[in-house]
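**Student:** One structure follows; several queries about it will come next.
Values quoted throughout were computed directly from the atomic coordinates according to the rules given, and no laboratory measurement underlies them. In this text the structure is predicted, and so the values were computed from the model without any measurement. Methodologically, a virtual Cβ is constructed for each residue, glycine included, from the backbone with ideal geometry; neighbour enumeration extends over all protein chains shown.
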Amino acid sequence: MAEKTLTEKTPTGTTVAEVTAELAGLEDPKARAVNEKHGDDHGVNLSKLRALAKRLKTQQELATGLWETDDTAARLLALLICRPKAFERDELDVMVREARTPKVHDWLVNYVVKKNPHAEELRLAWSADPDPVVASAGWALTTERVAKKPEGLDLSALLDVIEAQMKDAPDRLQWAMNHCLAQIGIDHAEHRTRAIDIGERLQVLKDYPTSPGCTSPFAPAWITEMVRRRQTQ
């Protein structure tokens, strides 16, 4: 393939092979070392990946081909150039089970599933899935509803489940449930005291290393800080 810069306009006839070759050229050993610490097996700087996606623009067929390569960088790019509303429910169900790495899983849920008309149906199905990684996707969608469309959700029942299951949940599922706990406490004052109490008793992520200036993911601290910020705005 002729060498291309990130600023060149790419014709719509770009092939999967051309794009994967370009991604290979962006491979950076230092970026890979950092990414692998987080479970992501690729070495492409995400700013460069986003620049490539911006150049390619939306190309659903190309996105599908890139996803099928099973390469993490290619899949991340696919999620940036696809049409989220173009996927059928069953396609997304297969994809969430194929998403091997945390970043692919996270982008799939946040950039694609949340914008898809089947999101609510998948939220309900995934939340009850025996696979904890799939279930974590359901909880991520639930957190989205807690924040943006809580009507119809039984927040007390959600807190019951979190209280009973979060302490012993596998890492990815625990993280997603903890986020939901914090979101309930932040956005719904009538449940705030209980949410903080659950967090205090379960102690989930209390000792999670947090960089200076960042908010701890420990739910009581997270809730308290976000409520404080809103009150001072």
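**Student:** Assign one of three labels to the stretch 23-97, namely rounded, prolate or oblate, based on the Cα gyration tensor with a ≥ b ≥ c the square roots of its eigenvalues; rounded applies when a/c is under 1.5, prolate when it is not and a/b is larger than b/c, and oblate otherwise.
**Tutor:** oblate
**Student:** Give me the percent relative contact order of the stretch 93-149, please, defined on Cα pairs under 8 angstrom at least 6 residues apart.
**Tutor:** 29
**Student:** Say each of N45 and K167 gets a label point 7 Å from the Cα, pointing the same way as Cα to Cβ; how far apart are those two points in nm?
**Tutor:** Output for this residue pair reads 4.6 nm.
**Student:** With each pseudo-label sitting 7 Å past Cα toward Cβ, what's the D197-Q231 distance in nm, one decimal?
**Tutor:** 1.9
**Student:** Rg and Dmax in Å for the stretch 164-233, alpha carbons only: what are they?
**Tutor:** 11.8, 37
**Student:** May I pose another question? Past 30 Å, Cα to Cα, is the threshold; run K48/K115; K37/K149; K30/K57; K57/K114; K30/K149 against it and keep the listed order.
**Tutor:** As for pairs spanning more than 30 Å Cα to Cα, those are K37/K149; K30/K149.
**Student:** Something else: Would you mind calculating the relative contact order of the chain from Cα pairs under 8 angstrom and at least 6 residues apart, reporting the percent as a whole number?
**Tutor:** With pairs under 8 Å counted, the relative contact order is 11 percent.
**Student:** Using r as the Cβ-Cβ distance of S156 and V94, and R0 as 41 Å, what FRET efficiency do you calculate, to the nearest 0.05?
**Tutor:** E(calc), rounded to 0.05, equals 0.75.
**Student:** Tilt of helix 89-98 relative to the longest C-alpha principal axis of the chain, in degrees (0 to 90, nearest 10)?
**Tutor:** 90
**Student:** Over the stretch 49-139, what number does the Rg to Rh ratio reach, with both radii from the alpha-carbon atoms and Rh per Kirkwood?
**Tutor:** Checking Rg against Rh, the ratio lands at 0.96.
**Student:** Now a separate question. Would you mind checking the tilt of helix 192-202 against the longest principal axis of the Cα atoms of the chain, expressed as 0 to 90 degrees and rounded to 10?
**Tutor:** 80
**Student:** Principal axis extents for the stretch 108-233, Cα atoms only, whole Å, descending order, please.
**Tutor:** 37, 32, 28
**Student:** Which of the following values of semi-axes √(5λ) of the Cα gyration tensor in Å was calculated from the structure shown: [x] 36, 20, 16; [y] 23, 22, 16; [z] 28, 23, 17?
**Tutor:** Correct label is [x].
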